[in-house]
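Take a look at the structure set out below.
The values are calculated or read from the model by the stated rules, or taken from the named source; none is laboratory data. What you see is a predicted model, and the numbers here were worked out from it, not measured in a lab. Cβ coordinates were reconstructed from backbone atoms using ideal geometry, including for glycine residues, and neighbour counts include every protein chain displayed.
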Amino acid sequence: MDRVRLATVWFGGCSGCHMSFLDLDEFLIELAARVDLVYSPVVDMKEYPEKVDVCLIEGAICNQDNLDLLHKVRARTKVLVSFGDCAVTANVPAIRNQLGAGNTENVLQRAYIDNAQNNPCLPKCEGIVPALLPRVMPVHEVVRVEYFLPGCPPPASNIKALVGALLSGATPKLEGMQLKFG
Amino acid sequence: MIATTAEKKQGRLRAALDHASGDKRFKILEAHMKKFQYRQDALIEILHKAQELFGFLEDDLLLFVSYKLKLPPSRVYGVATFYHFFSLKPQGQHTCVVCLGTACYVKGADKILAAIEGHSKIKPGETTPDNRVSLLTARCIGACGIAPAVVYDGAVTPRQTATAAVGQIQKWEAA
Amino acid sequence: MAAKTLTINGLQISAEEGATILQAADEANVKIPTLCHLDGVYDVGACRLCLVEVAGVPKLLPACTTKVVEGMEVKTDTERLRKYRRMTLELLLAERNHVCAVCVANGHCELQAFAWSLGIDHVRYDYCFPKWSVDNTHRLFGMDHNRCILCTRCVRVCWHIEGAGTKNVSGRGGHARIISDLNQPWGEADSCTSCGKCVQACPTGALFHKGSTVAEMERDRSKLEFIVTAREKKQWIASD
Amino acid sequence: MILNDLIEIKNAELAGRKKITLRCCMAAGCLSCGAKGVKQQLDKAVADAGLQDQVEVRGVGCMKLCCEGPLVQADPQNSLYIKVTPENAPSIVAAIQGGQTSVAQTDPDAAFFKRQLFIVLANSGVVDPERIESYIAADGYQALHEVLNEMAPKNVVESMVQSGLRGRGGAGFPTGLKWGTVAKSPGAKKYVICNADEGDPGAFMDRSVLESDPHSVLEGMAIAAYAVGADQGFIYVRAEYPLAISRLQLAIKQAKQMGLLGAGIFESPFSFNVDLRIGAGAFVCGEETALMASVEGKRGTPRPRPPFPAESGLWGSPTLINNVETFANVPPIMRRGPEWFAGIGTEKSKGTKVFALAGKIKNTGLIEVPMGTPLSVIVQDMGGGAPDGGQIKAVQTGGPSGGCIPAEHLDTPVDYESLGKLGSIMGSGGMIVMDDQTNMVEIARFFMEFCMDESCGKCIPCRTGTVQMHHLLDKIIQRQATPADMARLEELCDMVKSTSLCGLGQTAPNPTLSTLRFFRHEYEQLLRPDLSGPPPNGASETRSASAAS
């Protein structure tokens, strides 16, 4: 059987979902035997590769970089999984949406000026700091998503249930408490 | 704790009643309530009268009504905010109500509204900073036969255009 | 009192005359989801989660306000009903800011529990992300409008069990919100007796005890049930 | 007051009539075009010409052709003057003396008038709504007398059943059946409510009836009260109709003074009082349980039915609720007999229906036609088609609860069933004509916005469903929606229709559903294929954040 090309990406989120992924413990070893981790924050790969089988997406879509990469991910991946509440619901990163349209300046002001202890200044360097989107979005609002794994973070057991099913070629079926938001 | 709560209650009500005692309009309002025998089901009629007398429903006024009709304040506030006819904010010197009924809409009421918004830089429900003009919209004033209609200071005006409406507002501004 | 026989999901049961479908189902251990019903206060039929199918009736009927009728055939869990219930919950989740991860009621929330029990893994509607405030002015309790689903349980317990009339709904439609007195900060509402019934009644994290942290806020409905039983049946000692 | 008094008033009124009458429309539409000044100048011109003994200048209610107002009709000359200005008065007075006039006229025998059949509007534009004598001269209050003196309440109900009258508020529930239920419901106290909360945007029939012929509504209510055993009535009328309110107040006062309302009407044991309740701008209060909450001075939120108002209504008492036009039909039915009424209209829809004809059509105004009249007769023959060479694209009936009937179905007869089959409803009588310039998706969004703003917020499907449906329609218009969004919209329409608590929510999807049915291509043209590529026309990828509060 061919090895599955697995990727994980990290958009607007706290990386807690990836931490939970690392909590898979011995299943990680089983996983290593069956997949190639072709792109992930935990491996050193600069460009999202072609022909990825499964990609776990952590985080909400907050800025232009997230958006560009997400479109690339969608184009190059067979199965997308919204991984954790930020990807599924936009969650905490989207709290800034409550400030209304055109909130990006306010957000930056609050983060980099009002709350700054030293050297308050707005990060505006072209090409270094990606532009914030007017509105933070869950992944499925931007591209088609095959599976959803809610939770903040999703417990490792749920990750195992979903990824395990995908690797065995079955349709993942999470139910009950496995779907709990938060 | 109990004592302080009671004190606070009296203070607030007394302030409202003090306010009421110096204002003839409260007497007229009370006479109106008397006509309805202070019936609680007449709340909406009383609020109509209150708004007619005061122009809008401020907190002391609502508290006065609530006290006189023996209704919890939350009930009075809930009713006053349910109906769009009641305003809890003061209105400008002049009011311009654009009818957005279907007949007016298909005949371009949206364009009239947009023109006024653009000219006065306010949205429906708002008043210009100089307190000159309040812009409102109506769901249908039943003047469909002469659509599109705009109500300037209470006068229904038939077959309006964006230019005519902005012209009327400029007249108010110049006055 | 006369008994009525009816079937719920094919199961033959009997119920007291005058009982609602919801009560009859509950006694037969058939769970019908609901967010606005609360034992002990009158029903308003507002959340529409408890809608059921009744043979011969073209419209869906709210189980909480529909009385049982002899020979009634009720279905509570059809594919159509499940679909509508899922949509209702999705609509609620998109309406305000239900960020479970940072909610005081996480894990003790009826909205959250219905969402997972009905298999909602994501919300298909665009989130509205409205701006709502949190009222922390009361000495003991807080109100977070971001979590409110306008079930009006708090209003009903405040008026009909406590009799204080502090809480009400102001405005309408999507702008409707729960107020205290004349839309004052809760802490300044003269009529509030600080009885806390509203907090016990709330299905989500909208009303909470101050000092509870995320996932700590549990409800104690037994107090509400106690006082209602006490008043209705003159039974002043808790049964267990 | 006894019958002889009534006849005396009638005879005196008729005897006082002058050779020539100039009827000036004083309904809200013409008033806003300056009708008041016209009447004043006509009075003056008549006085100047020394014709006071021969000419009566009578302020009357709606004369129907609103687009040509202010209207003045001279009789017996049968001349209908249009767009009259105060300066025209001397010229009109000269014309009725046989002189020439350059004041614009229209043919009072044109199809717009000739195709109408007046039952409800028979007095409209004829009697002076501010004088009860004028109504009595038109046989007013005779039916009430007859009912009180010669009929048992159950016979009145029976007559209503025989007439086949159905509720004119929109749903078309058989009126006689409703009266019978209230009559049979046990209770010492019962109420009659007239629903004059005409909230449909684009409808002004009830306003016209109240402004033009308020006594017919009062008489209808009194007959109903006798039939069901009520002694208290309420008229719930919109605050947006100040003229209707003042004319109703005046009419109630006059009727009380004459002993036609109040205690011991026509010296019988029957008593009936009518109070006005002024609405305050909430469309949902047209729904009967919400209306009753509002009459009780509460937030106008509906409650689940059953119990129906006929069993448990206002303050828990059996309550009859009918709308203005329904009540206005009652006196003529009682006067002329149920068989006469049942002989008009179609098999299942009896009598006439009043429509407010407006929108992109040449003749706007008020029309009353027999049930079963084809839409094409109304919009083409009577309405004169689209103005400025446009093409009629659709006719909207039923307001925010109704649908858009496309031009190819204009042969449809107007009756409850036929309109229902096309996904629309009879509604209260608003009829808005749309021409080829009208974008149907925008119309759907317009109505959805209306329902969203008017939702009371009590039940979840209506409160949140209308917001999401409005957002989806907006997304389609912004060209940012995908076929999946369309599917979501249709699914939501079905869900909100099936699960909402009251009629507002249950019918809110109708305009969207009917435009989806007949104008689907207009929606599809605006869709982007899917989420994989950028949206067409350079529309930006993200929508702006919406803030609901």
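Structure values in brief
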{"read-out": "Elements of type helices (runs of 4 or more DSSP H) in segment B:64-142, at least 2 residues being within 14 Å of chain C (Cβ to nearest Cβ)", "value": "B:73-82"}
{"read-out": "Residue within segment D:128-146 that is out of contact with any helix residue (DSSP H, G or I) (no Cβ under 7 Å at 6 or more places or on another chain), at pLDDT below 95 and not small (G, A, S) present", "value": "no"}
{"read-out": "Residues (surrounded by 14 or more Cβ atoms within 10 Å (Cβ to Cβ) and of a type in the set (A, V, I, L, M, F, W, C)) located in segment B:29-50", "value": "B:L29, B:M33, B:F36, B:A42, B:L43, B:I44, B:I46, B:L47, B:A50"}
{"read-out": "Given (1) more than 7 Å from every other protein chain (Cβ to nearest Cβ); (2) under 15 Å from B:P72 (Cα atoms), index of the condition C:H138 fails", "value": "(2)"}
{"read-out": "Selection from segment D:278-292 of residues that are more than 7 Å from chain B (Cβ to nearest Cβ) and under 16 Å from B:I46 (Cα atoms)", "value": "D:G279"}
{"read-out": "Single residue of segment B:124-175 satisfying the filter (over 22 Å from D:F446 (Cβ atoms) and aliphatic (A, V, I, L, M)) that is nearest to the chain's Cα centre (by Cα)", "value": "B:V133"}
{"read-out": "Residue count for segment D:402-412, restricted to those that are buried (at least 24 other Cβ atoms within 10 Å of the Cβ) and more than 12 Å from chain B (Cβ to nearest Cβ)", "value": "2"}
{"read-out": "Residue satisfying all of: in segment D:321-357; of a type in the set (A, V, I, L, M) and touching a Ser or Thr at 6+ places or on another chain (Cβ under 6 Å); modelled with the lowest pLDDT among these", "value": "D:L357"}
{"read-out": "Hits in segment D:1-43 (condition: assigned to a loop (DSSP other than H, G, I, E, B) and either more than 14 Å from chain B (Cβ to nearest Cβ) or touching a helix residue (DSSP H, G or I) at 6+ places or on another chain (Cβ under 6 Å) (or both))", "value": "D:M1, D:I2, D:G16, D:R17, D:K18, D:K19, D:M26, D:A27"}
{"read-out": "Qualifying positions in segment C:89-125 - within 7 Å of another protein chain (Cβ to nearest Cβ), in a loop (DSSP other than H, G, I, E, B), touching an Asp or Glu at 6+ places or on another chain (Cβ under 7 Å) and not β-branched (V, I, T)", "value": "C:G119, C:R124, C:Y125"}
{"read-out": "Residue ID - nearest to the other protein chains (Cβ to nearest Cβ), chosen from residues in segment B:17-42 that are more than 22 Å from the chain's Cα centre (by Cα) and in a helix (DSSP H, G or I)", "value": "B:K35"}
{"read-out": "Residue within segment D:471-483 that is farther than 26 Å from C:E79 by Cα and facing chain C (nearest Cβ under 10 Å) present", "value": "yes"}
{"read-out": "Hits in segment C:188-228 - residues which are surrounded by fewer than 17 Cβ atoms within 10 Å (Cβ to Cβ) and part of a helix (DSSP H, G or I)", "value": "C:E188, C:S222, C:K223, C:E225"}
{"read-out": "Residue in segment A:109-126 that is touching a residue at least 40 places away in the same chain (Cβ under 8 Å) and touching a Cys at 6+ places or on another chain (Cβ under 8 Å) present", "value": "no"}
{"read-out": "Boolean, D:L250 is buried (at least 24 other Cβ atoms within 10 Å of the Cβ), under 26 Å from B:G142 (Cα atoms), of a type outside the set (D, E) and touching a residue at least 24 places away in the same chain (Cβ under 8 Å)", "value": "no"}
{"read-out": "D:P318 being touching a helix residue (DSSP H, G or I) at 6+ places or on another chain (Cβ under 7 Å) and not hydrophobic (A, V, I, L, M, F, W, C)", "value": "yes"}
{"read-out": "Residues of segment C:173-227 that turn out to be within 14 Å of chain D (Cβ to nearest Cβ) and among the charged types (D, E, K, R), as a count", "value": "1"}
{"read-out": "Count of residues meeting criterion [surrounded by fewer than 20 Cβ atoms within 10 Å (Cβ to Cβ) and in contact with a helix residue (DSSP H, G or I) (Cβ under 7 Å, 6 or more places away or on another chain)] in segment D:155-171", "value": "2"}
{"read-out": "In segment A:144-171, the residues that are within 13 Å of chain C (Cβ to nearest Cβ), of a type in the set (A, V, I, L, M) and part of a loop (DSSP other than H, G, I, E, B)", "value": "A:V145"}
{"read-out": "Check on A:Y112, surrounded by 17 or more Cβ atoms within 10 Å (Cβ to Cβ) and aromatic (F, W, Y)", "value": "no"}
{"read-out": "Search result, residues across segment C:141-152 that are assigned to a loop (DSSP other than H, G, I, E, B) and within 10 Å of chain D (Cβ to nearest Cβ)", "value": "C:I149, C:L150, C:C151, C:T152"}
{"read-out": "Any hit, segment B:64-74, residues being among the hydroxyl-bearing types (S, T, Y), under 19 Å from C:Q184 (Cα atoms) and touching a residue at least 24 places away in the same chain (Cβ under 8 Å)", "value": "yes"}
{"read-out": "Top-ranked residue in segment D:413-452 [being among the hydroxyl-bearing types (S, T, Y) and over 13 Å from B:V106 (Cβ atoms); ranked as nearest to the other protein chains (Cβ to nearest Cβ)]", "value": "D:S428"}
{"read-out": "Filter result (within 11 Å of chain C (Cβ to nearest Cβ) and modelled with pLDDT of 50 or more) within segment D:501-545", "value": "D:L501, D:C502, D:L504, D:G505, D:Q506"}
{"read-out": "Flag if D:A548 is at the interface with chain C (Cβ under 10 Å from one of its Cβ atoms) and at pLDDT below 95", "value": "yes"}
{"read-out": "Output for segment D:183-211, where each listed residue is under 21 Å from B:A109 (Cβ atoms) and either of a type in the set (A, V, I, L, M) or assigned by TED's automatic domain parsing to the domain that holds D:A508 (or both)", "value": "D:A203, D:M205"}
{"read-out": "Helices (runs of 4 or more DSSP H) enclosed by segment D:284-362 - at least 2 residues per element that are within 26 Å of C:K167 (Cβ to Cβ)", "value": "D:288-295"}
{"read-out": "Segment D:162-187: number of residues that are free of Cβ contacts under 8 Å to residues at least 60 places away in the same chain and aliphatic (A, V, I, L, M)", "value": "2"}
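Per-residue answers, yes or no, for (1) small (G, A, S); (2) surrounded by fewer than 24 Cβ atoms within 10 Å (Cβ to Cβ); (3) outside the structural domain of D:G503 (by TED's automatic domain parsing); (4) closer than 17 Å to D:Q116 by Cα:
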| position | (1), (2), (3), (4) |
| --- | --- |
| D:F308 | no, yes, yes, no |
| D:T319 | no, no, yes, no |
| D:N323 | no, no, yes, no |
| D:G337 | yes, yes, yes, no |
| D:P374 | no, yes, yes, yes |
| D:V377 | no, yes, yes, yes |
| D:Q380 | no, yes, yes, yes |
